[in-house]
1. Mean-square fluctuation check for the chain, GNM, Cα pairs under 10 Å: which of 195, 337, 267 is largest?
2. Stretch residue 76-residue 312 to full length: gain in nm at 0.36 nm per residue minus the Cα-Cα span?
3. Among 226, 122, 137, determine the one that fluctuates most according to a GNM of the chain built with springs between C-alpha atoms less than 10 Å apart.
4. Which shape class applies to region 103-221: rounded if a/c is under 1.5, otherwise prolate when a/b exceeds b/c and oblate if not, where a ≥ b ≥ c are the square roots of the Cα gyration tensor eigenvalues?
5. Helix 209-221 versus the longest principal axis of the chain: what is the Cα-based angle in degrees, 0 to 90, to the nearest 10?
6. Between residue 338 and residue 258, what is 0.36 nm times their sequence separation minus the Cα-Cα distance? Round to one decimal in nm.
7. Relative to the longest principal axis of the C-alpha atoms of the chain, give the angle of the C-alpha long axis of helix 268-291, reported between 0 and 90° and rounded to the nearest 10°.
8. What value, in deg cm²/dmol to 500, does the helix sum -39500 (n - 2.57) over DSSP H runs of n ≥ 4 give at 222 nm once divided by the residues of the chain?
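Derivation of every value follows stated rules applied to the coordinates shown; laboratory data play no part. Computed from a predicted structure; not experimentally measured. Methodologically, a virtual Cβ is constructed for each residue, glycine included, from the backbone with ideal geometry; neighbour enumeration extends over all protein chains shown.
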């Protein structure tokens, strides 16, 4: 019971801290008991998810970024939260929606493997009375289009957590519109407002599942009169960049090794990690050209600097990586090259 001097939000803030502590100890028992206790005292599912589980997962990611948690700890924490989520659903007594309620097919964009937030959204939406069919991570857009044609939901819900998946999300929106299904998008890849969502042609952007349920109810009464059209970039670079051509990545790595001739012999693991980052950089640049939002690349650069610094990788090495990408793309993708050159300055700021 909440005391006269303690607010419900403060109680949930304390619960979140205790839940994160349970995750830090890899204690499924303590985490599940805590969540079951919250649900048992009548805390609504959307608040358990929105104020405990979801922010705890953000903290899990932050601890990995800072190098304080290993990949194994991060994966274990995610597995615990998956069980805790289902415990909350069962303890809260969430029922399947009745006939006639709005329906949604909920998916992660092609290439998006971070699926836990979408699963959380699916359960909260069901608690809000929405008939949700969750189809999982990284679903190819053409397969999803075929599925939507059969299911004919009120809307498609599309989750993206990384900027590299926005081009795939654009293709998914196109497939949904082709079979007459409007699209609601959510996730950290879209930032804190709807401009990136508009760029890929999505019909609505929401900050949380409760807001999505409200949009669905409105669309049940009156669906969108016309679908949005996606932005058409003023360059053909973006279509190639999202593929991250192997020879382009090879060229960047060759230039990096010219600057760091001992890199290959010193750490093949690090070289492999940097090669992956080159591919991510190219895809991120493609997303920037699609959304016309260079902040995406800036955010990624700051994130990469933090991750590498936490792992004792010199910032100068990452700077050399960016420099190699700037040079390698100068003739092939000049706009992307210029963007990367501007983002490179953030490696040494702050």
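1. Per the Cα network of the chain with a 10 Å cutoff, 267 tops the list.
2. 82.5 nm
3. 226
4. rounded
5. 70
6. 26.7 nm
7. Tilt relative to the chain: about 70 degrees.
8. Only helices count here, giving -19000 deg cm²/dmol.
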